[in-house]
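Asks: Before we start, here is the structure in question, set down as structure tokens.
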Amino acid sequence: QVQLVESGGGLVQAGGSLRLSCAASGNIFNIGTMAWYRQAPGKQRDLVAAITSGGNTNYPDSVKGRFTISRDNVRSTVYLQMNSLKPEDTAVYYCNYKFRTITYWGQGTQVTVSS
């Protein structure tokens, strides 16, 4: 089993930066794909960034060039560096672990970007 604990959310002005962290417990972190999703009020949960066990990354166009996902397999932690933040980035951000049919979610961390 994997437990995920996010941190680093908060309030930031437009154009600012935040760095989210997700610490994972369990001994299968290294073999899974880690990802960040976000969900704004009344909207579906959408993928923000993903990184495979081999380090391949994937971003939607909405954040490409502004957000960077990385992982530290020694510390079992995944990060999301968010730059040039926009008000439309406001959402609850969730950490996700996936390996084959196994998936886990963190509890979420709020990111609010003021204009």
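The values are calculated or read from the model by the stated rules, or taken from the named source; none is laboratory data. All values reported here derive from a predicted model rather than from experimental measurement. Calculation scope for accessible area: heavy atoms of the full protein, side chains included, ligands and nucleic acids excluded. Shrake-Rupley method; radii C 1.70, N 1.55, O 1.52, S 1.80 Å.
Asks: Out of the residues in the range 48-72 meeting the condition of being at pLDDT 95 or above and open to solvent by 60 Å² or more (accessible area, probe 1.4 Å), tell me which one is nearest to the chain's Cα centre (by Cα).
Replies: Only one residue fits best here, namely Thr68.
Asks: Ala14: open to solvent by less than 40 Å² (accessible area, probe 1.4 Å) and not basic (Lys, Arg), yes or no?
Replies: no
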